[in-house]
Amino acid sequence: MKRLLFLCALVLATTVSYSQIISDIEKRGRKNKNDNPFSEKKNWGDAIWSYHASSYRPIGIHVDPGLTYMIGNSPNEPSDGTYELTPSGLPGYYLEFGMEHLFKNYKKIVHYFDWGVGVKHFGGQEKLEIGGTTSRGQFNFGNVFARAAIHNVWQINKYNFIDNSIGANLDYRIYGGNEDPDYAPPGGYNNQNPLVVQLHYALGFGIKVRDGFFIVPTVQTPILTAVQWNGFNPGHTWFQSRYQPTIFTIKFAWLFPKKGCPAVYDNGEGKRSSEQYQMQ
C-alpha cells in the first residue's frame with residue numbers, strides 16, 4: 001500500500017513538473033515572439049525596424065557597391081536613311097557611402113530617408129553605318145556625385161519588403177568624356193555637360209538579415225534631367241544619340257545600437273561586495 005501511494009505521489013509530482021516546464025517554455029516563446037523586431041503584419045511599423053522591439057536606433061550607415069550600364073535610345077538619324085546609328089552601353093562601376101534615417105512614427109507614404117556620396121563610371125558606344133562602311137565611337141567617363149531619396153516600403157512577409165524611392169542626384173564629371181579621335185559622327189558631337197542634375201526612381205527588394213542589418217538589391221534610373229535639359233527624355237546625349245543611365249546596386253545598411261544599458265537593482269549588494277573585496 002505504501003509503495004502504491006509512493007508511486008502515485010511520484011507520478012503526480014512528475015506530471016506537475018512537466019506541466020510547469022511546458023508552461024514556462026510556452027511563456028518564453030510568447031515573450032520572444034512579442035519581442036521579435038520583425039512582425040508578420042504587413043505594415044510599415046515593423047517592415048524594417050521596430051521602435052519598441054529593436055535593439056537599434058532609427059539611424060545608421062549604408063554602403064552601396066554596384067554596376068552601371070547605358071541603355072542606348074533615340075539616335076538622331078536622318079529621315080532619308082542616308083546613314084544608320086545604333087547606340088549601346090558599356091558596363092561601369094558604382095560605389096556609394098551614406099546614412100539611413102528611419103522615421104520613428106508611422107507615416108502613410110514616406111517611411112525613411114537616405115543620402116550618400118560616391119563615384120560612378122559610365123560608358124557607351126555609337127555604331128555608324130554609312131555607304132556600306134561601319135565605324136564606332138566610344139565614350140567613358142567618371143563622376144563624383146551626391147544623392148538623396150525618400151522611400152516607401154511595402155512589407156511582403158516577415159523578412160522581405162519592396163522598397164520604392166524617388167530621389168535627386170547631382171553629378172560632376174572628374175575624368176573622361178573626351179571626343180573620340182577615331183570617330184566622326186555625321187551630325188557632329190553633342191556630348192553631355194560635365195554637371196548633371198537629375199530626379200531618379202529606384203526599385204529594390206529588401207532582405208532583413210537580422211535586427212539592425214538589412215540588404216536591398218536595387219535598380220535605379222533617372223526620370224528627369226534638369227541640367228542639361230534634353231526635353232522630357234532623361235537620357236544623356238553622346239555623339240548623335242541618347243543613353244539611359246541604369247544603375248544596379250546592393251545596399252548594405254547597418255543601424256546604430258541603442259545607447260546605454262538598463263540599470264541593475266541589487267539593493268547595494270554588488271557595491272558592498274566590491275568594497276569588501278578591495279579591503280582584503
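Where a number appears in this text, it was derived from the coordinates with a stated rule and is not lab data. Not measured: the values here are computed from a predicted model. Virtual Cβ from ideal backbone geometry, glycine too; neighbours counted across all protein chains shown.
For the stretch 139-148, putting each phi into the Karplus relation 6.51 cos²θ - 1.76 cosθ + 1.60 with θ = phi - 60° gives couplings of 9, 9, 7, x, 10, 8, 8, 10, 9, 8 Hz, in residue order, rounded to whole numbers and with x for Gly and Pro. Reported to the nearest whole Å, the Cα centre-to-centre distance from the stretch 196-266 to the stretch 42-121 is 2.
Overall, the anisotropy analysis places the stretch 68-113 in the oblate class: the square-rooted eigenvalues a ≥ b ≥ c of its C-alpha gyration tensor yield a/c not less than 1.5, with a/b not exceeding b/c. Distance between the 7 Å Cα→Cβ label points at SER55 and ALA148: 3.3 nm. For the stretch 177-183, putting each phi into the Karplus relation 6.51 cos²θ - 1.76 cosθ + 1.60 with θ = phi - 60° gives couplings of x, 7, 5, 7, x, 9, 9 Hz, in residue order, rounded to whole numbers and with x for Gly and Pro.
If the limit is 25 Å between Cα atoms, which of LYS104/LYS251; LYS208/LYS258; LYS108/LYS259; LYS120/LYS208; LYS108/LYS158 go over it? Beyond 25 Å: LYS108/LYS259; LYS120/LYS208.
Spin-label model, PHE252 to GLU179: label points 7 Å out along the Cα-to-beta-carbon direction sit 4.4 nm apart. With each label modelled as a point 7 angstrom along the Cα→C-beta vector, the GLU84-LYS158 pair spans 5.6 nm.
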